[in-house]
Structures are given as structure tokens and as C-alpha cells.
Amino acid sequence: MAEPTPATLPEVIVTPVRPGVFHIFNPFVRTHVLGDDAFVALLGELAGDGGGGAPAERAIRAVDATVSPFRDGLLGDPTGLDRDATLDGAPALDVAAAIELARKRQLVADDPKAYAASIGPRRNVLDRKRIGNIHQQVGEHVLLELRRRSVDEWWVDQKFTADRRGPREGPYRWVQGTFMDAVYDRDDLAEHTVLDFGCGPGLFTRLFASRGARVVGVDTNPDHLETARALCAEDGLTERVELHELALPVDEGLAALGDRRFDLIFLSDVLMFYFYSYDTRVELDPVALLRTLAGLLAAGGRIAVLEPHGTFWQHPWLGAPERPFTIVTEHRHRRTGVTPTLEELSRAAEAAGLGIVRARELVADDPAPGDRAQGFAAEFPLWWFLELGRVEGTG
Ligand SMILES: C[S@@+](CC[C@H](N)C(=O)[O-])C[C@H]1O[C@@H](n2cnc3c(N)ncnc32)[C@H](O)[C@@H]1O
């Protein structure tokens, strides 16, 4: 019986790198092969009617150029393209070996239906058929490629400087940090009460406290809280800050706060986990969380949510640094979802008796020429900032 002919996949993107050398990129699974024109032609033949018999023998040059999109942290170039790669020294492959490479890197599939079904969140810890949502993929990268046990530890390393005092150079600093410095000035916060929900090592807890607020930080991770405690002490903020370990479910964890109420409840890069869980064993409910938090608001208080932008996060950074473009690989069906869409967020807020009263899309100012990350962050917002307030008659 003849071997089944693999079909090329419709989402594969071919980009010329230099004459006769192409990047062939699957933006869903983020795999790359660097190939010559014979390799691209072979993919074209495989996409034919499938009944054309074995492609003729010839020499092809192609190498696997896949690197983990998370190698430089969450805000490294999610395209993972090595723009300086060459085929120099690449061995000649025969047709069978070239097809095998294309198959392994999911540029072709024997069964496109099975391939399509594999692009989605994992259902449980044993599910190896699906590639997983981004949080699950990060977990796998940390465990298998970096051989580290804890995603939490990796997450702080890729966001913060070694002393944990602030974000490392990159979008966390020049987008998230710059925005937050500007949006909360001293007058806004003086003597206000703030709950920093999922405070991590306390970056924003310290920002609010240094601007005169009384802040309660809660987090599920005791190591982050320990770091936050030490940094607050170094900054002389201990008097203004309380830190509590948050037990789940949230209602129980927040019970330690008694009947206190807050002018501002702040969530940075945390609400997304209530929509897209990283742990298939933990069910988190965004509506229940927002309802609980709404109950902790003082009169006129706001819930501020700083989240990865629901459209642009983790989408490829293509084009020239100054003229970046991206391809949006998913929107409505969040197969590799990171964070909710605006509608999902709005619906959860509505169900909790809240409405969006202010929305901002965060972009970098004044990108340095030639810096692709800055160019992208100046054009496409990596985060959005939404303020939620109580809406009478809903929830
Ligand atoms: C991405 S970090 C953000 C930390 C901090 N807000 C910041 O922006 O620097 C997410 C934080 O949420 C905490 N966390 C994890 N699961 C949580 C949950 N179910 N509820 C609240 N916080 C959680 C983690 O320990 C971590 O510190």
C-alpha cells in the first residue's frame, strides 16, 4: 500500500529571509524550519491533490530552527524567529527526510483533522494530545526544557531584576511600569485603602504605599510574600502595608480581612488565571471572584485590572522593527488562550454587578530605532487597564 501523502497546513507561513532561504513557520505551535526553495516546493507538492504519488527524489536543504518562544521570558519575541539564521553547513536531505522534518515540526500533517484537534487547552494532567493553553505551555517549558520545578520561581526571574525591586529592562518596565507610575500619582492615593490581589513580590503594593495609600497585599505564594515583606521593610513602608497569604477558595482566604472595605482593589496579571487556568486540577471562577471583590469595595470604590491585552498577547512580531505587523492567530476560539477577550471580561463583570468605567490600552512611548520589541509594543498594546465600578440593578 502506498504511504499516505501528508497535507500541508493552511496556517503555515513562508517568509523569505535572504535569496533562496525561507522561514517556514507554524504560528499556532510556533515551530520553524529554515529551508531552501526545494523544501518550499516540496511543501507545495504535498499540498496538491494528495494522489500525485511520491515526490521525485532530489536534494533539499532544511534545518529545524525552532526555539521556545518562552526562552527570553513571557515578553521575549513570541515569534521565535531567528532572523540571522542561515543554511550554511546544513546537510542535504532526501525527500523522505525532508518530509519527516516537516511532519515533526507540524508544517504538514497526515491527518489534518487530528492536527486541528490538537490545538487546544489540555483537559487534564495526562492529556498529551493537545498543545495546551499558553500557561500550560509555559509550565511544560519550565519543567521539561529548563528542568525547574516551579513556574512561580521562573516567572519572577523573567519579570524582575535579581534584587526583585523592579521589572527588568523590557516591556514590563517600559510599558507596564511607565503606565503605572503615571496613572497613580500621590494625590490619587493619599490615605486611600488598597487591596493588591495576587500581589506577588509586591511591586505595586510598594508603589501604592509609597504614594500614601494603606495597602493590603494578598497572594497564594508564601515565597513572594516573604520577598514583598523584606522589600517593604527596606523601603520603610511596613507601617502602611499588611501582607496575607491567600488560601483558596478566595472567600475563605479573604475572610481574614474581616469587614474592611477598599477604595481600590487592584489585580495585575492575575485575573487571567480565573479564565485560563494553568492547572487543570484547579477550577477558578472569574464571576465569583469579581462578585466577592465587589463586596469589598468602599462606596465609590473601583476594581482596577491590569491584564495582558486580549487581542495582541503572544502574537507574532513580524515586519521591520519600525513597521511591525502581526498575524492574529485566534480571537473568538481561544485555543492557546492567555487572557480573556474584552467581551468575556465585560460579561464576567456584568454578572458580578460591575461595569467597565475606564479602559486604557498600554503602549510604549518613543521606541528606540531598530528595537523590534519596542517597535511592537509602541504599535500593539501588550496590556490593557480596565477600571470596574458597581452598576446599580445588575449582578
Ligand atoms: C503573574 S503574577 C503577578 C504578580 C503581581 N500582581 C505583579 O504584577 O507583579 C500572578 C500572581 O498571582 C498569584 N496567584 C496564583 N494563583 C492565584 C489565585 N488563584 N488567586 C490569587 N492569586 C493567585 C501568584 O502567586 C502570583 O504572585
task: Quick one: check the C-alpha center-to-center distance for segment 9-80 versus segment 307-334, whole angstrom.
output: 20
query: In a GNM of the chain with a 10 Å cut-off on Cα contacts, which of Val183, Val138, Val151 has the highest mean-square fluctuation?
result: Val183
query: Between Asp366 and Glu57, what is the FRET efficiency for a Förster distance of 56 Å, r being their Cβ-Cβ separation, to the nearest 0.05?
result: 0.55
message: Using a Gaussian network model on the chain with a 10 Å cutoff between Cα atoms, which of Ile134, Ile303, Ile119 fluctuates the most?
response: Ile119
query: Can you give me the relative contact order of segment 7-117 as a percent, contacts being Cα pairs under 8 Å and 6 or more apart?
result: 31
query: Dipole of segment 7-117, Cα-centred, from +1 at each Lys and Arg C-beta and -1 at each Asp and Glu C-beta, to the nearest 20 debye?
result: 200
message: As an exercise, use a Förster radius of 56 Å and the Cβ-Cβ distance of Asp185 and Lys104 to find the FRET efficiency, rounded to the nearest 0.05.
response: 0.55
- request: Could you name the lysines whose alpha carbon sits less than 25 Å from that of Lys129, not counting residues in the same chain fewer than 8 places away?
  value: Lys104, Lys113
task: At most 11 other Cβ atoms within 10 Å plus a DSSP loop assignment makes a site exposed; report the longest stretch of the chain without any exposed trypsin sites (Lys or Arg not before Pro).
output: 150-280
query: Counting only residues 5 or more places away or on other chains, whose amide H sits under 5 Å from the amide H of Arg168 once H atoms are built in the peptide plane?
result: Phe160, Thr161
task: Could you work out which residue, out of Leu101, Leu225, Leu264, moves most in a Gaussian network model of the chain, that is, has the largest mean-square fluctuation with Cα springs under 10 Å?
output: Leu101
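Report the relative contact order of segment 163-390, percent, no decimals, based on alpha-carbon pairs under 8 angstrom and at least 6 residues apart.
19
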statement: Computed ³J(HN,Hα) along segment 330-336: with the Karplus parameters 6.51/-1.76/1.60, θ = phi - 60°, integer Hz and x for glycine or proline, the list is 6, 9, 6, 9, 8, 5, 10
field: Integer Hz, Karplus 6.51/-1.76/1.60 couplings in order for segment 254-265, x for Gly and Pro
entry: 7, 4, 4, 7, x, 9, 5, 10, 10, 6, 9, 10
message: Going by Cα centres, segment 171-187 and segment 100-146 are how many Å apart?
response: 36
- request: Counting only C-alpha contacts under 8 Å and six or more residues apart, can you give the relative contact order of the chain as a whole percent?
  value: 13
task: Specify which residue in the list Leu9, Leu318, Phe273 is farthest towards the positive end of the charge dipole of the chain, using unit charges on the beta carbon of Lys, Arg (+1) and Asp, Glu (-1), about the Cα centre.
output: Leu9
message: Show me, for segment 213-224, the HN-Hα J-couplings you get by feeding each phi into the Karplus relation (A = 6.51, B = -1.76, C = 1.60, θ = phi - 60°), rounded to Hz, glycine and proline as x.
response: 7, 9, 10, 10, x, 10, 7, 7, 9, x, 5, 4
task: Choose one of Leu101, Thr178, Phe22: the residue whose Cα lies farthest towards the positive end of the charge dipole of the chain (beta-carbon charges +1 Lys, Arg; -1 Asp, Glu; about the Cα centre).
output: Leu101
- request: For the chain, would you read off the P(r) tail past 32 Å as a percentage of all alpha carbon pairs?
  value: 41
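Need one word for segment 7-117: rounded, prolate or oblate. Basis is the Cα gyration tensor (sqrt eigenvalues a ≥ b ≥ c); a/c below 1.5 gives rounded, then a/b vs b/c decides. Each step should come with its number before you reach the end.
On the way: a/c = 2.20, a/b = 1.27, b/c = 1.73.
Oblate.
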field: Principal-axis tilt of helix 95-104 within the chain, Cα atoms, nearest 10 degrees
entry: 10
query: For labels at Asp37 and Thr341 in the simple 7 Å Cα→Cβ model, what's the distance in nm?
result: 4.2
statement: Answer in debye to the nearest 20: the dipole magnitude of the chain about its Cα centre, from +1 Lys/Arg and -1 Asp/Glu charges placed on Cβ, is 440
- request: May I ask which residue of Thr66, Gly375, Gly76 lies farthest towards the positive end of the charge dipole of the chain, with charges of +1 (Lys, Arg) and -1 (Asp, Glu) on Cβ and the Cα centre as origin?
  value: Thr66
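Taken together, the values in this text are just the output of simple stated rules run on the coordinates, not laboratory data. Everything numeric in this text was worked out from a predicted model, so none of it was measured. No Cβ is skipped: glycine too gets one built from the backbone with ideal geometry, and neighbour counts run over all protein chains shown.
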